[in-house]
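The structure appears right after this line, and notes come after that.
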Amino acid sequence: MALINWLVVMTLPQVAKSQQTPTNPPADKRFKADILVIAPHPDDESTIAGYLAKAVLDEHRHVAVVVTTRGDAGQNLVGYEQARSLAEIREAETRQALASIGITDVWFLRAPDTWARDISDVLRSLETSNHGSSLGEAVRFIRLT
């Protein structure tokens, strides 16, 4: 009986340890960024492209970009594509432009793209847009980088 009691006492810490919630894995160093840009639409990051190019090429900084929408509500002055097709083009152009200056970590949240008049009414914006999901995704990328 003493042997059984001894075995129980010795194995309890191991059982308790195995049932503990696992800790979060450490951050992935491949995605660690010195500079994280969060832009509302494709091409909005281009307003600071000169600085980003200098940071990447001259200062050897790791830059990542998060774009909250794909720009599907934008206008197309050079072609006939609209909505989803336009979003595909704008996403590809954004990735190509950023890759040309050495930025390859580019993510799109795919939040609904709206015209300025749609978001000027705060209650309508909260009713029609999934802000909580977009914020959650943005926080995930902030933590990742």
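Evaluated against (1) in contact with a Gly (Cβ under 6 Å, 6 or more places away or on another chain); (2) modelled with pLDDT under 90, residue 128 falls short on exactly one condition, (1). Does at least one position in segment 96-105 carry a residue that is modelled with pLDDT of 75 or more, of a type in the set (S, T, N, Q) and within 13 Å of residue 43 (Cβ to Cβ)? Among the residues of segment 96-105, at least one is modelled with pLDDT of 75 or more, of a type in the set (S, T, N, Q) and within 13 Å of residue 43 (Cβ to Cβ), which makes the answer yes. The residue pairs whose first member lies in segment 50-79 and is farther than 20 Å from residue 90 by Cα and modelled with pLDDT of 90 or more, whose second member is assigned to a loop (DSSP other than H, G, I, E, B) and among the acidic types (Asp, Glu), and whose beta carbons are closer than 6 Å, counting only pairs six or more residues apart or on different chains, are 61/34; 62/34.
With respect to being in a helix (DSSP H, G or I), at pLDDT 85 or above and surrounded by 12 or more Cβ atoms within 10 Å (Cβ to Cβ), residue 38 falls outside the description.
The values are calculated or read from the model by the stated rules, or taken from the named source; none is laboratory data. If you're wondering where the values come from, they're calculated on a predicted model, not measured in any experiment. Glycine also receives a Cβ, built like all others from the backbone with ideal geometry; neighbour counts cover every protein chain displayed.
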